[in-house]
1. Taking every pair of alpha-carbon atoms in the range 3-95, what share in percent sits in each 5 Å bin, from 0 to the bin with the longest distance?
2. Which angle from 0 to 90°, rounded to the nearest 10, does the C-alpha axis of helix 3-15 make with the longest principal axis of the chain?
3. Could I have the simple spin-label model distance between residue 12 and residue 75, label points 7 Å from Cα toward Cβ, reported in nm to one decimal?
4. Could you calculate the contour length gain from residue 34 to residue 51, that is, 0.36 nm times the residue separation minus the distance between their Cα atoms, to one decimal place in nm?
5. For the chain, what does the helix formula give at 222 nm: sum of -39500 (n - 2.57) over DSSP H segments with n ≥ 4, over the residue count, nearest 500 deg cm²/dmol?
6. How much length would be gained if the chain were fully extended between residue 91 and residue 63, taking 0.36 nm per residue of separation minus their Cα-Cα distance, in nm to one decimal?
């Protein structure tokens, strides 16, 4: 799979994350069948075209940390009801997307 195909698959998955939930870069890489490619997921999201309205704000790292330097991410997640801990990380126990029960792919 080339980089463009990989990116498009990432966008498809991220569009399926319901409001109020988050996924990790690693989860998305795993769903794509490339569990070692979480950084490539991050790169794809960083370069996501605006016109596709991909909810990139719903993707965080494996600890629930938000994207450094993206100040709007916290507001966007809070507006959707995502639970944040006092340290600013997403509470993954409360907000992690259960992709199995939403019958993804």
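1. 3, 14, 28, 26, 18, 9, 2, 0
2. Long axis of 3-15 versus the principal axis of the chain: about 40 degrees.
3. According to this spin-label approximation, the distance is 3.3 nm.
4. Extending this stretch completely gives an extra 3.5 nm.
5. Estimated from H runs of four or more residues: -10500 deg cm²/dmol.
6. Here the answer is 9.2 nm.
Read-outs: derived from the displayed coordinates by stated rules, not from any lab. Model, not experiment: these values are computed from the prediction. We place every Cβ from the backbone using ideal geometry, glycine too, and count neighbours over all the protein chains shown.
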